[in-house]
Amino acid sequence: MPTILQPIWIWAELDMEAAVWAVPAERMKARREHRVPLSGAALAVLATLPRVAGNPYLFPGARYGRPISGMAMLMQMRDMGYGGSGERGDYVPHGFRSAFRDWSGEVSSFPRDVCEMALAHVIKDKAEVAYRRGDLLAKRRAMMDAWADWYTRPVAAVAE
């Protein structure tokens, strides 16, 4: 399932004006389109990325027309001192998704449904699925903005 840190972001799926990334159903585990609200911090990062002619991916790989691989992302983190037994921490790319879920459940006051929908988790209760028609985009946008504010805060604020 695509997440903010997987390498399969495609430029054509981004609506920078609306600040939304629309992941098509065929790339989602649940086979439903997933709209991801983009925070101002995310938009700022996206604005700095170069575009590679002929490559639709935000994070192009070594092979022409292919995205960067998950292993390449892990190796970059290892080179920075992260990963299994890393001197800066035992972090991996998928761990950022887990960190978001921990923050949303333990630090923020956003409802569980909003947190789960942000992660595109599937609702198991068929009755609830039948009545849930929206995607909580406005609430998820507020949550993504709060998440960006939290993880981009100055280091001094972290120590307090």
Solvent exposure of the stretch 24-94 as accessible area per residue, Å², 1.4 Å probe: 68
Calculated FRET efficiency for the pair E26/D113, C-beta based, R₀ 25 Å, to 0.05: 0.50
Summed residue charge, Cβ within 14 Å of Y82's Cβ, Lys/Arg positive, Asp/Glu negative: -1
Accessible area (Å², 1.4 Å probe, nearest 10) - H94: 120
Sites M75 and F96 - FRET efficiency at Förster radius 22 Å, r taken between beta-carbons, to 0.05: 0.85
Whole-percent carbon and sulfur share, accessible surface of the chain, 1.4 Å: 57
Residue-count net charge about L136 - beta-carbon cut-off 13 Å; Lys, Arg +1, Asp, Glu -1: +4
Anisotropy class of the stretch 53-126 from Cα gyration tensor, a/c 1.5 cut: oblate
Residues A44 and R132, FRET efficiency given R0 of 25 Å [Cβ-Cβ distance, rounded to 0.05]: 0.20
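The values are calculated or read from the model by the stated rules, or taken from the named source; none is laboratory data. Computed from a predicted model, the values in this text were never measured in an experiment. When we count neighbours, we look across all protein chains shown, and the Cβ atoms used for this are built from the backbone with ideal geometry, even at glycine. In case anyone asks, the SASA skips ligands and DNA or RNA and just uses the protein heavy atoms, side chains included. Shrake-Rupley method; radii C 1.70, N 1.55, O 1.52, S 1.80 Å.
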